[in-house]
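Before any comments, here is the structure.
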Amino acid sequence: MDLQTLWKKYKDWLVSIIIISFVIILTLWNLYFEPQRIPLFLATAIIAFSFVVMMALLPKYRQRFAKKIIAYHAKEKRLGALYRYKIVATALIIINSVIFSIAWRYQFIPSQYVPFYVLTFLIITLASGIVLIAGLLKTAGKWGLLLIAILTLVAVLNVWIWALSRT
């Protein structure tokens with residue numbers, strides 16, 4: 001087999017491995033510099049592992065979950081432009097967050113430009129988030145609204161806990 005055939009056959013696997021490796025490296029790097037977050041990370045990992053085990057051991061639930069995901073994806077594809085821009089918006093949020101966190105941690109930005117940099121970060125993140133939220137609401141309807149409400153509540157509680165820990 002030539003290289004092009006191998007690329008077509010294993011492209012999804014290779015991209016998945018690269019993304020997972022990148023996430024693992026960033027997670028370990030973040031945990032190394034902020035060891036106080038290890039309990040939160042372990043709790044999240046235990047919940048995710050429990051979900052994977054449940055899906056592996058209960059085929060009825062796994063099939064029902066897979067059917068719902070496929071139905072959601074098919075409904076999402078009918079969105080047209082929102083579906084196409086969803087990948088771009090997700091990539092922008094990830095790249096923007098990584099660059100912002102590295103530049104902020106190592107203070108690459110001169111202090112007089114920090115407000116502009118923060119404003120640029122917020123504008124890019126909000127614009128990308130609007131595309132993602134619009135697609136989610138159009139596809140999932142009330143369930144998407146419920147998911148957004150839960151995620152907002154989690155974010156507010158996280159900021160509140162962070163603020164209390166700083167005082």
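Can you spot a residue in the range 103-112 that is polar (S, T, N, Q), out of contact with any helix residue (DSSP H, G or I) (no Cβ under 8 Å at 6 or more places or on another chain) and closer than 26 Å to N30 by Cα? Yes, the conditions are met somewhere in the range 103-112.
Cβ separations smaller than 6 Å between residues 6+ apart or across chains give the following pairs from the range 123-143 residues that are within 13 Å of L82 (Cα to Cα) and in a helix (DSSP H, G or I) to residues that are among the hydroxyl-bearing types (S, T, Y) and at pLDDT below 90: V131/Y85. Whether any residue in the range 148-166 is modelled with pLDDT under 90, in contact with a Ser or Thr (Cβ under 8 Å, 6 or more places away or on another chain) and within 28 Å of T44 (Cα to Cα) is what I want to check. For the range 148-166, residues modelled with pLDDT under 90, in contact with a Ser or Thr (Cβ under 8 Å, 6 or more places away or on another chain) and within 28 Å of T44 (Cα to Cα): absent. Here V15, V53 are screened, and the one residue that is loosely packed, with under 11 Cβ neighbours inside 10 Å, of a type in the set (A, V, I, L, M), farther than 30 Å from S165 by Cα and modelled with pLDDT under 85 is V15. Working only within the range 102-128, note down all residues that are within 17 Å of the chain's Cα centre (by Cα) and surrounded by 15 or more Cβ atoms within 10 Å (Cβ to Cβ). Matches in the range 102-128: F121, I124, T125, S128. Looking across the range 64-109 at every residue that is assigned to a helix (DSSP H, G or I) and of a type in the set (K, R), the one that is farthest from I123 (Cα to Cα) is identified as R64. The single condition among (1) at pLDDT below 85; (2) within 30 Å of W162 (Cα to Cα); (3) not hydroxyl-bearing (S, T, Y) that W7 does not satisfy is (2). Among the residues of the range 20-30, which ones are at pLDDT 85 or above and not polar (S, T, N, Q)? I20, F22, I24, I25, L28, W29 - these are the residues of the range 20-30 that are at pLDDT 85 or above and not polar (S, T, N, Q).
Of all residues in the range 24-38, none are touching a residue at least 24 places away in the same chain (Cβ under 8 Å), assigned to a helix (DSSP H, G or I) and of a type in the set (S, T, N, Q). In this structure, is L132 over 25 Å from I25 (Cα atoms) and modelled with pLDDT under 90? Yes: the conditions hold for L132.
The values are calculated or read from the model by the stated rules, or taken from the named source; none is laboratory data. Source: prediction; values computed, not measured. FYI the Cβ positions are ideal-geometry reconstructions off the backbone, even for glycines, and counts take in every protein chain you see.
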